[in-house]
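Below is one structure, written out as structure tokens; comments come after it.
The values are calculated or read from the model by the stated rules, or taken from the named source; none is laboratory data. Treat the numbers as computed from the prediction; the structure is a model and nothing was measured. Don't worry about glycine lacking a Cβ; one is built from the backbone with ideal geometry, like all the others, and counts go over all protein chains shown.
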Ligand SMILES: Nc1ncnc2c1ncn2[C@@H]1O[C@H](COP(=O)(O)OP(=O)(O)OP(=O)(O)O)[C@@H](O)[C@H]1O
Ligand SMILES: [Mg+2]
């Protein structure tokens, strides 16, 4: 069966950068699968997810392949792209207030894409809007309301309903709960997960919150400086991190089961896009780095005895115990 999303060797260059901002991303999302993409600010999570809809900054150039339902997005013409964005894949952004025009009624916002891009008759589009509002727990009256009349949590539900309007195979959610309070966050995450199951979509969930990634995802990709540092099933990866960056991220994440534990910030800064990189991009901040790390880019290698895992670290095998220990006891 084809994967819902397949990204192979995606490289993305931006004008003025000394190195590719995405340096060879390989990532898949299967049908009905929830995949989390995690990493620090600036690692390239949003650009990766935006590439799937080809929503890229001006002057960006790409290499590699991004396929949704087997169709290559990077070579689509305008008509195919419209079809992709209306019916095949949809994006939910971080801040619903910034993504929804405050001067238009919710009903118009929800039905616009179907009416304009798919020639759906207004009545049919309205009926679909009512069904999708119901699916996200909102009543029909919301259709006639304006964004300013709704809370942030309700507006994010409207965004989710809007993403479902075209019956997509894939939903891309880029930090969809960051602008919400904690209780509403949990509700929205639970809702996304229910809807994924009910409508059979794949979900790519972008977040810097490892707790959230662990709670919602089947598989995880950990991203650092435009590369995948490590990937694998969520439980295995968080229990037994194999990349020093993953272990450091876990140590800097608050844990409910170890409230007294100290949070260790990761020392140093991610490399700037003005710097060229040789070797492992994490080497400058890595407590285990050796000469080889500064000189040679570590390839992605399987983890012995652990299916479906890949890690890009020269010393991953020797560090296994130390990394797992540091994640469990801090
Ligand atoms: N439109 C743009 N023009 C120039 N540089 C950009 C643009 N968008 C992103 N970048 C740069 O590309 C890199 C990756 O950005 P991206 O937004 O994908 O990061 P991210 O992982 O989503 O971070 P965050 O957690 O802050 O959202 C960053 O260094 C960013 O400054
Ligand atoms: Mg982002």
_Criterion (part of a loop (DSSP other than H, G, I, E, B) and surrounded by 15 or more Cβ atoms within 10 Å (Cβ to Cβ)) met by exactly one of 287, 271, 299_ = 271
*Quick check: anything in segment 144-156 more than 24 Å from residue 80 (Cβ to Cβ) and touching a strand residue (DSSP E or B) at 6+ places or on another chain (Cβ under 6 Å)?*
no
_Matching strands (runs of 3 or more DSSP E) fully within segment 15-68 where at least 2 residues are closer than 24 Å to residue 252 by Cα_ = 34-38
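Here is a yes/no grid of residues against (1) within 16 Å of ligand 2 (Cβ to nearest atom); (2) within 16 Å of residue 93 (Cβ to Cβ); (3) in contact (Cβ under 8 Å) with a residue 40 or more places away in the chain:
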{"position": "158", "(1), (2), (3)": "no, yes, yes"}
{"position": "169", "(1), (2), (3)": "no, no, yes"}
{"position": "183", "(1), (2), (3)": "no, no, no"}
{"position": "186", "(1), (2), (3)": "no, no, no"}
{"position": "193", "(1), (2), (3)": "no, no, yes"}
{"position": "200", "(1), (2), (3)": "no, no, yes"}
{"position": "204", "(1), (2), (3)": "yes, yes, yes"}
_What's the number of the only condition in (1) closer than 30 Å to residue 268 by Cβ; (2) more than 16 Å from ligand 2 (Cβ to nearest atom); (3) surrounded by 15 or more Cβ atoms within 10 Å (Cβ to Cβ) that residue 37 fails to meet?_
(2)
*For segment 172-192, what are the residues that are touching a strand residue (DSSP E or B) at 6+ places or on another chain (Cβ under 7 Å) and either part of a loop (DSSP other than H, G, I, E, B) or surrounded by fewer than 18 Cβ atoms within 10 Å (Cβ to Cβ) (or both)?*
175, 176
*asked:* Looking at residue 94 and the list (1) surrounded by fewer than 21 Cβ atoms within 10 Å (Cβ to Cβ); (2) within 27 Å of the chain's Cα centre (by Cα); (3) outside any helix (DSSP H, G or I); (4) modelled with pLDDT of 90 or more, which single condition is not satisfied?
replied: (4)
